[in-house]
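Encoded as structure tokens, the structure appears first; notes follow it.
The values are calculated or read from the model by the stated rules, or taken from the named source; none is laboratory data. Please read all numbers here as calculations on a predicted model, not as lab measurements. Note that each Cβ is placed from the backbone with ideal geometry, even for glycine, and that neighbours are counted across all protein chains shown.
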Amino acid sequence: MNLASTDTASGRNAGRATAEPVLSVNDLVVTYYTDLGRARALDKVSFTLKAGTKMGMVGESGSGKSTLALAMMRMIKPPGRIEGGNVWVGGTDLQALSEEDMRKARLSKIAYIPQGAMNSLNPVMRVGAQMVDAIKSHLRGESASAINDRCVWALKSVDLDPSVFHMYPHELSGGMKQRVCIAIGILLRPEVIIADEPTSALDVVTQRQVMETIDKVQDEINSAVILIGHDMGLMAQTMDHVAVMYAGRLVELATVREMFTSPKHPYSQALISSLPTLDNKGQFKGIPGLAPSLLRLPTGCAFHPRCPLASDRSRTEKPKVNVLPGGQLVACHLYDQGN
Amino acid sequence: MTTIVATSAPEAAVQQPGRLTLLLRYFNRNKGLAIGLIILIALVLFTVIGLMTINPKQAYPLSVATKQPPSLKYPFGTDFFGRNLLAAMVVGMWQTAVIGVIAGGLGTLIGIVLGFTSAYFGGWIDSTIRTICQILTPIPVLLIQVVVAGSLDKRDVTIITMALIVVMLAWMGPTLVIRAQVLTMKERQFVSVAKLSGVSDIAIIFKEILPNLLPFIAAAFVGQVFAAVFASFYLAVLGLGPLREPLLGNIIWAAQLQGAFFNGWWWWPIGPSIAMILILGSLALINMGLDELANPRVRRTE
Amino acid sequence: MSNLLEIRNVTKVYQRGLLSSHAKIALKEYNLTLKEDEPTILTVAGESGSGKTTLAMLVLGFITPTTGEILYRGKNITTLRGADRMAYRREVQAVFQDPFAVFNPFYTVDHLLTVPIKQFKLAKSGRDARNKMDEALTSVGLRPEDVLGRFPHQLSGGQRQRINVARALLLKPKLLIADEPVSMVDASLRANILESLKNLHRDHGVTIIYITHDLTTAYHVADTITVLYRGDVVEKGDVETVIRNPQHAYTRLLVDSIPWPNLDQKWGQHSIRSKESQAEFHTEAPTP
């Protein structure tokens, strides 16, 4: 699938991006079988990402952002199930790996920093010991001194003093803990890093520091970064591409400039215009209505009940993903060929 | 996008399956609880139907022919003293249930009262209750029970005294558990909201906090019943129970004393032993199942 | 002209442990006066640990000041009794951050609305109560039949937070403490909730203390702003002036770190990494 990533004009790393995408997600489908019925949490999501680029993934809670991350890591737990699609990272099909190989791939090929990871550090273990453990469980036969060097390198990469190696999590501030989590994530220089809401519990100043750290780390190891969040402002400040999820579907994927200057999908448009800026003080443009329950999706386009531009076709027919001339992806009937 | 005030999109409510379906599905996940409940219900039915059909007098000595093996007339046989073992089992199970419910209920009740008092008043009241609990908890219960039960005149020991001996050292657990739960509940934000809604402190305890502790209280109660039944059993097996009553433990004690196996009266101790295993097993399964229900950390992903 | 709320020289110190001398000053000599007939929206901004939540807890009467006093309609809130206390409870309300924790999981969401109606005798009859609930829910954009009778976990975070705002609407307080009311709500719903709060202020003359670390939303809803840093007020004034032209170094850093959703307003090029190593900010008021 030809993708938005062809246009990387806004990315600082554009020059370094290689031609081949390092990550390619194709038609990924995840379904949860709950007591209340079947919920399609991810509906044929496809996109690619090149090394050295950053993609923001936004959407309301329940839109499938975190499910996508978990599915890419093959960490969906019952009653959820991956029911189709595949994920390629640097030439490896993750869905085809054995459990053991997948376990090893989890830090070395694709790293995941879950939401609230900073509060999941083991409080009775020194930071260093946790880092060494992470390396040992994924990489056999590295000498102790090499492991040590790796940890020191990772800590330095995230702007932490190497002395943090000997500290306990309670001795660190929230921002420092989050950077420790990033350091653990990059230990084995993965090709793809997924961070789920890494800054949602942090105040603005720390949030900015953490984002700048991610930026710097990425410069250093040139991996692809996916940032899951719902703060569009953060995406505008730090990302190259923005993907918008709605009710389990990827409804739009565009470069950050396109997303903020000319969003295509009506949901993206509503999302962008609901943002408070310095210039629209006192104007509150919320998106009317509520996100639909995955158990009871509206027919056709899931956004149609809230969409001011909905047509009869939106109500009956599920829109397919259109690739616009600029490489932008949008799943909306307004952009179907012939319209 | 001129609409400013949000209007809810017409969205069909998610079809909620019936309560029974949900309950069955829950039991399917929490099999321990389901199995425990099924065994317990079977035991209760056995006892209730038994009490209605048998002649309870046959549970006491010299009422029927002695040492009869199981037959149609006496499905569980009769013992050395001339008791119909079926009748003895039914009465014994009934008495076991009485001890369990009295001791378990009393222990849990003391736990609730002391736990809430401790957590609610705090200060020196809390320290006193907590210290007493912590001092009493490590004392070996068996030792004290044996000493107390052994020093009583055997003729005075009844089902009720049995229950009281058992409950004597069994209320600290529920007290500490409920105290800890109330303390964490007190910090929950819905308690703050209730205060803002003008709800008095007492009403907050009973209307906001207590209902949320019901699963804990149920689990504590079942745990207490288990401990009480078990204690009444081993005290009786040691011959420290009410000797005149056909308590399950007493039957085993008597069988052992008369050398039932040596003499080939194998049916004598078998029935009560199996009954005891079933009772304790079902209570343990229910207790674990309730624990899972009450404690989200133990709860499996649903 | 009478004062609705007056905070006089309030300091709150948290003592850790009985014997240790380790004490943390959460709020230092804080002063605030809110006039009864000039309803306003005041933002109290700061990062975690700045004392902003301590301030909320103090005003709501959940904790008592170490020194200083808080007067509601001229009376100290720690000594309020009887009718005065009930009036204070009814007129000073809050919307909290976590839209799940405020619901008692044992009850349906109706509980959040029916309890205050009953306690404060806001309705003459059951039908009247139901009408009032419907009205409040409708005006925050919910359909009563969608939410009433449901348990909190059956609703989305956005629905739950709107019910919280509906509760505030129902009670029509004089003073509303909004403690990070939108930080756990999806970005697309924030505008709706903030607008409901703003309407409450405009239509019913409710004074709102908006507590947040998010200067973007603060800029949009508030008239004035107070910036707290480790228990001290470092800057206060008109929200337009403070955000567009911050004086204190800390406020400048905060404003500088706002992630504006605007490609032409990117974070400055100067890096602000390793704040941990930076000297603490001086908390004296800057000379303008």
Taking A:PRO266, is it in contact with a Cys (Cβ under 6 Å, 6 or more places away or on another chain) and crowded, with 24+ Cβ neighbours inside 10 Å? yes
Test result for A:PRO162, closer than 26 Å to A:VAL225 by Cβ and modelled with pLDDT under 90: yes
Sole miss for B:GLY281 among (1) at pLDDT 85 or above; (2) closer than 30 Å to C:HIS111 by Cα is condition (2)
Checking C:ILE70 against (1) touching a residue at least 24 places away in the same chain (Cβ under 8 Å); (2) buried (at least 16 other Cβ atoms within 10 Å of the Cβ); (3) at the interface with another protein chain (Cβ under 10 Å from one of its Cβ atoms), the condition it does not meet: (3)
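Farther than 20 Å from B:VAL157 by Cα and either touching a Ser or Thr at 6+ places or on another chain (Cβ under 9 Å) or surrounded by fewer than 21 Cβ atoms within 10 Å (Cβ to Cβ) (or both): does that describe B:GLY123? Break it down stepwise before answering.
Values: farther than 20 Å from B:VAL157 by Cα: yes; either touching a Ser or Thr at 6+ places or on another chain (Cβ under 9 Å) or surrounded by fewer than 21 Cβ atoms within 10 Å (Cβ to Cβ) (or both): yes.
Answer is yes for this residue.
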Among the residues of the stretch C:199-219, are any more than 11 Å from every other protein chain (Cβ to nearest Cβ), touching a His at 6+ places or on another chain (Cβ under 7 Å) and not basic (Lys, Arg)? yes
Among residues belonging to the stretch C:73-96 that are surrounded by 21 or more Cβ atoms within 10 Å (Cβ to Cβ) and more than 9 Å from chain B (Cβ to nearest Cβ), point out the one that is farthest from C:THR212 (Cα to Cα). C:ILE77
What about C:ASP264, is it over 15 Å from C:GLY46 (Cβ atoms) and either more than 8 Å from chain A (Cβ to nearest Cβ) or touching a Gly at 6+ places or on another chain (Cβ under 8 Å) (or both)? yes
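Rundown of residues vs (1) out of contact with any Lys or Arg (no Cβ under 6 Å at 6 or more places or on another chain); (2) farther than 25 Å from B:TRP253 by Cβ; (3) surrounded by fewer than 17 Cβ atoms within 10 Å (Cβ to Cβ), yes/no style:
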| residue | (1), (2), (3) |
| --- | --- |
| B:ALA42 | yes, yes, yes |
| B:THR53 | yes, yes, yes |
| B:LEU62 | yes, no, yes |
| B:LEU72 | yes, yes, yes |
| B:MET93 | yes, no, no |
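Out of all the residues in the stretch A:305-324, is one or more over 22 Å from A:LEU42 (Cα atoms), among the small types (Gly, Ala, Ser) and not in a loop (DSSP other than H, G, I, E, B)?
Here is the first cut: in the stretch A:305-324, the residues over 22 Å from A:LEU42 (Cα atoms) are A:308-313, A:324.
Those still in the list that are among the small types (Gly, Ala, Ser) too: A:310-311.
Then keep just the ones that are not in a loop (DSSP other than H, G, I, E, B); that gives none.
Checking the stretch A:305-324: not a single residue is over 22 Å from A:LEU42 (Cα atoms), among the small types (Gly, Ala, Ser) and not in a loop (DSSP other than H, G, I, E, B).
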I need the full set of residues from the stretch A:237-253 which are more than 9 Å from every other protein chain (Cβ to nearest Cβ), at negative phi and not in a strand (DSSP E or B), in order please. A:MET239, A:ASP240
Given the conditions (1) part of a loop (DSSP other than H, G, I, E, B); (2) at pLDDT below 85; (3) buried (at least 16 other Cβ atoms within 10 Å of the Cβ), every one holds for A:VAL205 apart from (1)
Identify the residue in the stretch A:55-80 that is touching a strand residue (DSSP E or B) at 6+ places or on another chain (Cβ under 6 Å), within 14 Å of another protein chain (Cβ to nearest Cβ) and over 15 Å from A:LEU294 (Cα atoms) and, among all such residues, is surrounded by the fewest Cβ atoms within 10 Å (Cβ to Cβ). A:ILE76
Subset of the stretch C:218-232 (residues that are over 19 Å from C:THR207 (Cβ atoms) and either surrounded by fewer than 24 Cβ atoms within 10 Å (Cβ to Cβ) or of a type in the set (Gly, Ala, Ser) (or both)): C:ARG230, C:GLY231, C:ASP232
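If I ask for residues that are over 12 Å from B:TYR120 (Cβ atoms) and touching a residue at least 24 places away in the same chain (Cβ under 8 Å), which ones from the stretch B:197-224 would you list? Spell out how you get there, then give the answer.
Going through the stretch B:197-224, the residues over 12 Å from B:TYR120 (Cβ atoms) turn out to be B:197-200, B:203, B:207-208, B:211-224.
Of everything in the stretch B:197-224, those that are over 12 Å from B:TYR120 (Cβ atoms) and touching a residue at least 24 places away in the same chain (Cβ under 8 Å) turn out to be B:ASN212, B:LEU213, B:PRO215, B:PHE216, B:ILE217, B:ALA218, B:ALA219, B:ALA220, B:PHE221, B:VAL222, B:GLY223, B:GLN224.
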Would you list the helices (runs of 4 or more DSSP H) that sit entirely within the stretch B:192-299 and hold 3 or more residues that are closer than 23 Å to B:LEU152 by Cβ and more than 14 Å from chain C (Cβ to nearest Cβ)? B:214-237, B:248-257
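Could you tell me which of the residues C:GLY158, C:GLY141 is small (Gly, Ala, Ser) and in a loop (DSSP other than H, G, I, E, B)? Lay out the reasoning, then the answer.
Details: C:GLY158 fails: in a loop (DSSP other than H, G, I, E, B).
Criteria check complete, one pass: C:GLY141.
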Taking into account only those residues within the stretch A:130-144 that are more than 17 Å from A:GLU100 (Cα to Cα) and among the hydrophobic types (A, V, I, L, M, F, W, C), which is farthest from the chain's Cα centre (by Cα)? A:ALA144
When the stretch C:174-198 is checked residue by residue, the ones that are crowded, with 23+ Cβ neighbours inside 10 Å and away from every other protein chain (no Cβ under 11 Å) are C:ALA178, C:PRO181
Check off (1) touching a residue at least 40 places away in the same chain (Cβ under 8 Å); (2) within 14 Å of chain C (Cβ to nearest Cβ) for B:MET185 and give me the number that stays unchecked. (1)
Hey, among A:VAL210, A:VAL256, which residue is touching a Gly at 6+ places or on another chain (Cβ under 9 Å), without any contact (Cβ under 8 Å) to a residue 60 or more places away in the chain and within 12 Å of another protein chain (Cβ to nearest Cβ)? A:VAL210
Quick one: A:MET75 ticks every box in (1) touching a Lys or Arg at 6+ places or on another chain (Cβ under 9 Å); (2) closer than 22 Å to A:ILE214 by Cα except a single one, so which number is it? (2)
Checklist (1) assigned to a helix (DSSP H, G or I); (2) buried (at least 18 other Cβ atoms within 10 Å of the Cβ) applied to C:GLU135, failing item: (2)
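Looking at C:PRO99, C:PRO39, which one is within 14 Å of chain A (Cβ to nearest Cβ) and not aromatic (Phe, Trp, Tyr)?
On the way: C:PRO39 fails: within 14 Å of chain A (Cβ to nearest Cβ).
Of C:PRO99, C:PRO39, the one residue that is within 14 Å of chain A (Cβ to nearest Cβ) and not aromatic (Phe, Trp, Tyr) is C:PRO99.
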Quick one: in the stretch C:220-258, of everything that is small (Gly, Ala, Ser) and touching a residue at least 24 places away in the same chain (Cβ under 8 Å), which residue is farthest from the other protein chains (Cβ to nearest Cβ)? C:GLY231
Wholly within the stretch C:177-247, helices (runs of 4 or more DSSP H) carrying at least 1 residues that are within 30 Å of A:ALA291 (Cα to Cα): C:187-204, C:215-221
Those residues of the stretch A:270-293 which are buried (at least 19 other Cβ atoms within 10 Å of the Cβ), among the small types (Gly, Ala, Ser), at the interface with chain C (Cβ under 7 Å from one of its Cβ atoms) and farther than 18 Å from A:PHE260 by Cα, in sequence order: A:ALA291
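A quick yes/no check of all residues on (1) part of a strand (DSSP E or B); (2) in contact (Cβ under 8 Å) with a residue 60 or more places away in the chain:
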site	(1), (2)
A:ILE82	yes, no
A:ARG103	no, no
A:GLN115	no, yes
A:GLN130	no, no
A:ILE147	no, no
A:CYS151	no, no
A:LEU160	no, no
A:VAL164	no, no
